[in-house]
Amino acid sequence: MGDPRKSRRLWIGPRHPWRKDRLMEESKLLGVYGLRSKRELWKAATIIRYFRHRARALLAAPQEIREKEEKTLVENLVKLGLLNEGARLDDVLNLRVEDLLERRLQTIVYKKGLAKTIHEARQLIIHGHIAIGGRRVRSPGYIVPRDEESLITYYYKSPYVKSEEASLKTSA
C-alpha cells in the first residue's frame, strides 16, 4: 500500500532515454511550451498514454460496456478540450502529447496575450498574477477545461491589472 504521506510518481519515463531522436524531440517541446524539466513532458505523455490505453481497451470490450464507457470517455476529453464535438473513440487514439500541452494554463496565458513570452507566462502564474474566474491559480501545468478558458484574466490584486487599465486610458 505505501506510506499515505508519500505520493506516487505521476509519470513514467522513457524506456530508452538516450536515443538522439527522442532527446531532440523532447528538447524542442521543452522550448516551445516553456516546460521546466522533462518530467513535466513525461507527465503529459503519461496522461495521454492512459487515455489511449482506455480507448484501446474499450475497442476490445463487449458492445454494451463499450457504448456506455465510450460516451463518458469522449465527453470528458471534449470537456478538457482535447477532442472536438462529435468525436469518436477512434479520435482518442490520435491524441498526441502536444494536444495536452496546448491545454496547459501556461500555454493558454501566452496564447491569450496576457504574457509576451511563454516563459513570462510561467512567471506570472507562479507569482500569482493569473486567475481563473477570480480564483488565483499558481500551477502552470493546470489543464484548463474549455468552459474555464474564457475566464482566464489577471488576478484582481495584480499590478498588471492597473497597468492594463492605464494603457487603455492613454490610448483612448
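Find the helices (runs of 4 or more DSSP H) located wholly in segment 92-132 whose residues include 1 or more that are touching a residue at least 24 places away in the same chain (Cβ under 8 Å) and among the basic types (Lys, Arg), and list them.
Numbers: elements: 97-101, 105-112, 118-126.
Those helices (runs of 4 or more DSSP H) span 105-112, 118-126.
Examine segment 36-53 for a residue that is of a type outside the set (Asp, Glu), surrounded by fewer than 16 Cβ atoms within 10 Å (Cβ to Cβ) and in contact (Cβ under 8 Å) with a residue 60 or more places away in the chain, and state whether such a residue exists. Checked segment 36-53: at least one residue is of a type outside the set (Asp, Glu), surrounded by fewer than 16 Cβ atoms within 10 Å (Cβ to Cβ) and in contact (Cβ under 8 Å) with a residue 60 or more places away in the chain.
No other residue among 93, 59, 77 is surrounded by 19 or more Cβ atoms within 10 Å (Cβ to Cβ) and in the same structural domain as residue 33 (by TED's automatic domain parsing) apart from 77.
The values are calculated or read from the model by the stated rules, or taken from the named source; none is laboratory data. Here the structure is a predicted model, which is why all the values come from computation and not from measurement. Note: ideal-geometry Cβ built from the backbone for every residue, glycine included; neighbour counts use all protein chains shown.
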